[in-house]
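Working notes, beginning with the structure itself.
The values are calculated or read from the model by the stated rules, or taken from the named source; none is laboratory data. The model shown is predicted, which means the values in this text are computed figures rather than measured ones. All Cβ positions, even for glycine, are placed from backbone atoms using ideal geometry, and neighbour counts span all protein chains on display. Accessible surface areas use protein heavy atoms only, side chains included; no ligands, DNA or RNA. Shrake-Rupley method; radii C 1.70, N 1.55, O 1.52, S 1.80 Å.
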Amino acid sequence: MRTDAVRLFADAWKLMTGRLPAPQYEESNALVSCFCDVPSFFFNVWIPLDPATTPETLQAVVAAGAARARAAAHPVGGLLREDWLPANWQELVAQQGYAPAVPMTAMEAEDLAPPRRPQPAELDIRRVVDDSGARDIAVLNADAYGMPREMFGALSNMALWRADSLGFVGYVGDRPVSATGVFPAANTVYVALVATAPDAQGKGYAEAVMRYAVREGQKLMGVKRTTLHATDAGRPIYTAMGYASGARMVLLAPAH
């Protein structure tokens, strides 16, 4: 993978949290923290930029992240790159009050593979241009990840969708079924907020909306390379679309 997977995450989260209420960004001592006034650890994260390959180094890094977290208004998570960690890293982060929550894989592509099937005829893909569309992306993400909708409430307006970023929602009739956002990060089209309603999965909606979003993002941003951080559930879809896998990472959640 050509793109630095950790820096990519840090850049993308700096951009997104910087558009949410009360953003706080800090980068010092090889540690990035991106906090905002959103009640979800997903949007409040500290990120080490260097390997922590010994138990002592990892404990120091997590302690530094936890120290910054104490100043945040909401629960804070952490992002670790697994091949930068000692073998017993899960035990060590547990001692610091964190637990693995979301495994993910950095992925990128220059050219997407041809679609495996035509875009579903019933799917109408619309760009987010008002609070109603933004709210649809927020609700789809909350429902897809099994989280309370209020945790994504701050996304239910046009704050994220400035001129350099695009959100798209796929509708069947008037019902939102799938969504994707694209953002400029690390000189790539960064794909995020990919979500499909649980009862609408397996119908090709996610791939169709994502392909559309990537094409529009490439035109807007003037770059071809596209990147993302895939959950384990989404990774097979992205692989079939032509994305190559890079570093394995894990989003930590506060254990209490």
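Things to note:
- For region 180-212, the tally of residues that are open to solvent by 10 Å² or more (accessible area, probe 1.4 Å) and either of a type in the set (Val, Ile, Thr) or touching a His at 6+ places or on another chain (Cβ under 6 Å) (or both) stands at 2.
- Within region 27-62, the set of residues being in a loop (DSSP other than H, G, I, E, B) and closer than 21 Å to His74 by Cα comprises Cys36, Asp37, Val38, Pro39, Ser40, Asn44.
- Residues that are surrounded by 15 or more Cβ atoms within 10 Å (Cβ to Cβ), more than 19 Å from the chain's Cα centre (by Cα) and not hydroxyl-bearing (Ser, Thr, Tyr) within region 10-59 comprise Pro51, Ala52, Pro55, Leu58, Gln59, listed in sequence order.
- First in region 110-130 and over 14 Å from Val169 (Cα atoms), second anywhere and among the basic types (Lys, Arg) and surrounded by 13 or more Cβ atoms within 10 Å (Cβ to Cβ), Cβ under 6 Å, 6 or more apart: Glu110/Arg225
- Odd one out for Ala63 among (1) surrounded by fewer than 15 Cβ atoms within 10 Å (Cβ to Cβ); (2) within 17 Å of the chain's Cα centre (by Cα): (2)
- Out of Val169, Val93, Val128, sole residue that is in contact with a Ser or Thr (Cβ under 8 Å, 6 or more places away or on another chain), under 29 Å from Ala253 (Cβ atoms) and of a type outside the set (D, E, K, R): Val169
- Applying the condition of being basic (Lys, Arg) and in a strand (DSSP E or B) to region 92-149 and asking which residue is most open to solvent (accessible area, probe 1.4 Å) yields Arg127.
- Look at (1) modelled with pLDDT under 95; (2) open to solvent by less than 10 Å² (accessible area, probe 1.4 Å) and you find that Ala5 fails only one, number (1).
- Scanning region 221-236 turns up at least one residue that is open to solvent by 50 Å² or more (accessible area, probe 1.4 Å) and in contact with a strand residue (DSSP E or B) (Cβ under 7 Å, 6 or more places away or on another chain).
- Tabulated pairs, region 97-108, first in contact (Cβ under 8 Å) with a residue 24 or more places away in the chain, second of a type in the set (S, T, N, Q) and crowded, with 22+ Cβ neighbours inside 10 Å, C-beta under 6 angstrom, 6+ apart or interchain: Glu108/Thr227
- The set of residues in region 150-172 that are within 17 Å of Glu216 (Cα to Cα), out of contact with any strand residue (DSSP E or B) (no Cβ under 6 Å at 6 or more places or on another chain) and open to solvent by less than 20 Å² (accessible area, probe 1.4 Å) contains only Leu160.
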